[in-house]
Amino acid sequence: YKNYINKGYFSVAFPGITYLKFQGEQKISDIVRIEENLDELPFPSQEVQERYLIENLPDGSRKMIIPIMSSRGCPYNCKYCSSTIYKRKWSARSPESVAEEIYVISQKYGDILVRFVDDNFYVDPFRAKSIVNRIIEKCNRIIEFTFCARADQIVKHGMDNLLFFKKHGCNSIEIGIENGSSNSLQNYGKGTTVDQNLLALNMVRSARIFPSVDYIMFEPETSLDDLKENLDFIKKSKLWGYYHPVLYSKGNTAQKKERDSAKCDRM
């Protein structure tokens, strides 16, 4: 930051960092540092905890939301996800390390809700449950929490685990549904099915856990048939009125024109 302010541009290469220069040039690092033991990293500074938002929760309560990262990366290969470029697919902290960090925060701020911001918290259900148990043992009480998971993981790991999470403080689960069209799911390389998406939603609701849903309604390759399938899925899954706010991103117009031109040439 100081280098750019002083020079008006990045005048040096930053080892270990890949970044985009303000002129649009990509600077790709030739060094990739991989932490072998995440437990050796210090906990994030507590000095900025007061900046965390106090949010309204689905059950009507209000709590301070504390983001905690218990793992890095994801072992899956969804084509749209940045996690697929990591050299190490998934690495995790120990349950003891996670519980200790949450204990320190809860001692200072009292009644909190932990939001596990891992790309995929539910890779190993035994580890996930162990983290919850260690938190309760360390804090001597239940700490409410949320986490992210794939639909096929929820189905595979079963209702017993969902009921365990509910009993021990799980407030909501963010599910990577992504789409209600089989064609789109295949294009995304998601590795899940529409039926799994529906079943996962029903299972989470049956466990009386609020399902928070990730959904990609529109993207450059979406067809009218895909949209019709998505509308049918939204009706079946009772997701009407779910989103607030709607998130969107603007695509590269030049790339889109080039892609459309190529399609016309093939026709």
Might you check whether a residue that is in contact (Cβ under 8 Å) with a residue 60 or more places away in the chain, open to solvent by 10 Å² or more (accessible area, probe 1.4 Å) and outside any strand (DSSP E or B) occurs anywhere in region 142-151?
yes
Within region 207-222, can you find the residues that are more than 21 Å from residue 60 (Cβ to Cβ) and either in contact with an Asp or Glu (Cβ under 6 Å, 6 or more places away or on another chain) or open to solvent by 50 Å² or more (accessible area, probe 1.4 Å) (or both)?
214, 216, 218, 220, 221
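Out of the helices (runs of 4 or more DSSP H) lying entirely within region 152-240, which hold 2 or more residues that are closer than 15 Å to residue 78 by Cα? So that I can check it myself, show each step before the final result.
Details: elements: 182-188, 194-206, 224-237.
Result: 182-188.
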Complete set of residues in region 94-129 that are open to solvent by less than 40 Å² (accessible area, probe 1.4 Å), closer than 15 Å to residue 71 by Cβ and assigned to a helix (DSSP H, G or I)
95, 97, 98, 99, 101, 102, 125, 127, 128
The one condition residue 170 fails out of (1) over 14 Å from residue 116 (Cβ atoms); (2) at pLDDT 95 or above; (3) open to solvent by less than 60 Å² (accessible area, probe 1.4 Å) is (1)
Can you confirm whether residue 91 is in contact with an Asp or Glu (Cβ under 9 Å, 6 or more places away or on another chain), at pLDDT 70 or above, surrounded by fewer than 14 Cβ atoms within 10 Å (Cβ to Cβ) and of a type outside the set (A, V, I, L, M, F, W, C)?
no
Being touching a strand residue (DSSP E or B) at 6+ places or on another chain (Cβ under 8 Å) and more than 30 Å from residue 220 (Cα to Cα): is that true of residue 109 here?
yes
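Select from region 165-177 the residues that are of a type in the set (D, E, K, R) and touching a residue at least 40 places away in the same chain (Cβ under 8 Å) and list them in ascending order.
Kept after step one, since they are of a type in the set (D, E, K, R), are these residues of region 165-177: 166-167, 174.
Across region 165-177, the qualifying residues are 166, 174.
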Selected residue (criterion: farthest from residue 56 (Cα to Cα)) from residues of region 117-163 that are touching a Cys at 6+ places or on another chain (Cβ under 7 Å) and hydrophobic (A, V, I, L, M, F, W, C)
121
Pairs where the first residue, in region 188-199, is open to solvent by 50 Å² or more (accessible area, probe 1.4 Å) and the second is of a type in the set (S, T, N, Q) and not in a helix (DSSP H, G or I), C-beta under 6 Å, 6+ apart:
none
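The values are calculated or read from the model by the stated rules, or taken from the named source; none is laboratory data. Given the structure is predicted, the values throughout are model-derived calculations rather than measurements. Using ideal geometry, Cβ is built from the backbone for each residue, glycine included, and neighbour counts are taken over all protein chains shown. These area figures cover heavy atoms from the full protein model, side chains too; ligands, DNA and RNA do not enter into them. Shrake-Rupley method; radii C 1.70, N 1.55, O 1.52, S 1.80 Å.
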